[in-house]
Amino acid sequence: MTRALIVVDVQNDFCEGGSLAVAGGADVAFRIGQLLNDWHQADPNDRQYGYVVATRDHHIEPGDHFSDTPDFVSSWPKHCVAGTDGVGFHPNLDPQPFDAIFDKGEYAAAYSGFEGKSHDGEGLAAWLRDKGVTEVDVCGIATDYCVRATALDAHGEGFTTTVLTGLTAGVAPASTEQTLVELRAAGVALT
């Protein structure tokens with residue numbers, strides 16, 4: 001059994017001060033940073049994760065995903081534009097010992113990390129399988145969008161999947177609660 005941690009979209013634009021900020025994003029970044037620090041400092045034989053990966057929104061021209069009059073359901077203000085500070089990982093997310101980073105959404109909306117590609121073009125599912133990963137823990141931003149989509153896809157790809165709810169931040173309380181109900185019903189564990 002090999003377990004991986006998937007850190008979803010802990011980026012400047014999704015934290016306070018960003019163009020599409022989620023309340024509590026900077027705090028989640030800090031708490032994930034603490035987890036990563038503990039993981040990094042642990043003896044390699046005692047680490048709870050064999051691998052740690054991250055996903056990033058990385059938009060170039062995502063079409064109607066961006067809107068000057070967003071509906072905040074399928075269209076959004078400009079965010080995580082390639083080449084801007086907004087696309088970067090939040091500074092509270094330190095250290096960043098990522099074994100791979102998967103960018104998504106260059107030319108279309110993309111919520112799941114499983115839609116992303118590493119710098120060499122490999123998808124997340126194939127990368128995890130190549131490493132022998134069978135279980136994943138998912139954390140990050142936002143619970144009710146990209147964390148949700150990533151967790152559901154991880155489960156659908158056959159990985160035993162757990163969402164670390166204490167290390168997530170949601171866009172809205174109602175949609176976050178509905179997401180947790182949906183994840184449980186789909187067979188995703190919540191801690």
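The values are calculated or read from the model by the stated rules, or taken from the named source; none is laboratory data. Everything quoted here is computed from the prediction, not taken from an experiment. Ideal geometry is used to build each Cβ from the backbone, glycine not excepted, and the neighbour counts take in all protein chains shown. The area values use the complete protein model at the heavy-atom level, side chains included, leaving out ligands, DNA and RNA. Shrake-Rupley method; radii C 1.70, N 1.55, O 1.52, S 1.80 Å.
Has the range 34-43 got at least one residue that is aromatic (Phe, Trp, Tyr) and more than 24 Å from residue 154 (Cα to Cα)? Checking the range 34-43: not a single residue is aromatic (Phe, Trp, Tyr) and more than 24 Å from residue 154 (Cα to Cα).
Residues in the range 97-117 that are within 11 Å of the chain's Cα centre (by Cα) and in a loop (DSSP other than H, G, I, E, B): 111, 112, 116. Put simply, of 179, 162 the only residue that is over 12 Å from the mean Cα position of the chain (by Cα), assigned to a strand (DSSP E or B) and not basic (Lys, Arg) is 162. Being at pLDDT below 95, of a type outside the set (Val, Ile, Thr) and in contact with a helix residue (DSSP H, G or I) (Cβ under 6 Å, 6 or more places away or on another chain), is that true of even one residue in the range 58-69? Within the range 58-69, not a single residue is at pLDDT below 95, of a type outside the set (Val, Ile, Thr) and in contact with a helix residue (DSSP H, G or I) (Cβ under 6 Å, 6 or more places away or on another chain).
Selection within the range 8-17: residues that are part of a loop (DSSP other than H, G, I, E, B) and open to solvent by 20 Å² or more (accessible area, probe 1.4 Å). The member of this set that is nearest to residue 169 (Cα to Cα) is 16. Residue count for the range 115-158 under the criterion of being closer than 14 Å to residue 188 by Cα, among the hydrophobic types (A, V, I, L, M, F, W, C) and surrounded by fewer than 24 Cβ atoms within 10 Å (Cβ to Cβ): the result is 2. Here residue 99 passes the criteria (1) crowded, with 17+ Cβ neighbours inside 10 Å; (2) within 21 Å of residue 151 (Cα to Cα); (3) among the acidic types (Asp, Glu) except the one numbered (1). Among the residues of the range 74-96, just one is part of a helix (DSSP H, G or I) and either in contact with a Leu (Cβ under 6 Å, 6 or more places away or on another chain) or exposed (fewer than 15 other Cβ atoms within 10 Å of the Cβ) (or both), namely 85. Taking the range 125-148 as the range and being out of contact with any helix residue (DSSP H, G or I) (no Cβ under 8 Å at 6 or more places or on another chain) and not β-branched (Val, Ile, Thr) as the test, the residues that pass are 126, 127, 128, 129, 130, 131, 132, 135, 137, 145.
If only residues of the range 26-73 that are of a type in the set (A, V, I, L, M), open to solvent by less than 40 Å² (accessible area, probe 1.4 Å) and farther than 24 Å from residue 122 by Cα are counted, the one that is farthest from the chain's Cα centre (by Cα) is 42. Inside the range 166-180, residues that are open to solvent by less than 70 Å² (accessible area, probe 1.4 Å) and either over 15 Å from residue 22 (Cα atoms) or not polar (S, T, N, Q) (or both) make up a count of 7.
Please name all residue pairs, on different chains or six or more residues apart, with Cβ atoms under 6 Å, provided the first residue is in the range 56-79 and is charged (D, E, K, R) and the second residue is part of a loop (DSSP other than H, G, I, E, B) and open to solvent by 40 Å² or more (accessible area, probe 1.4 Å). Listed pairs, sorted by first residue: 61/107.
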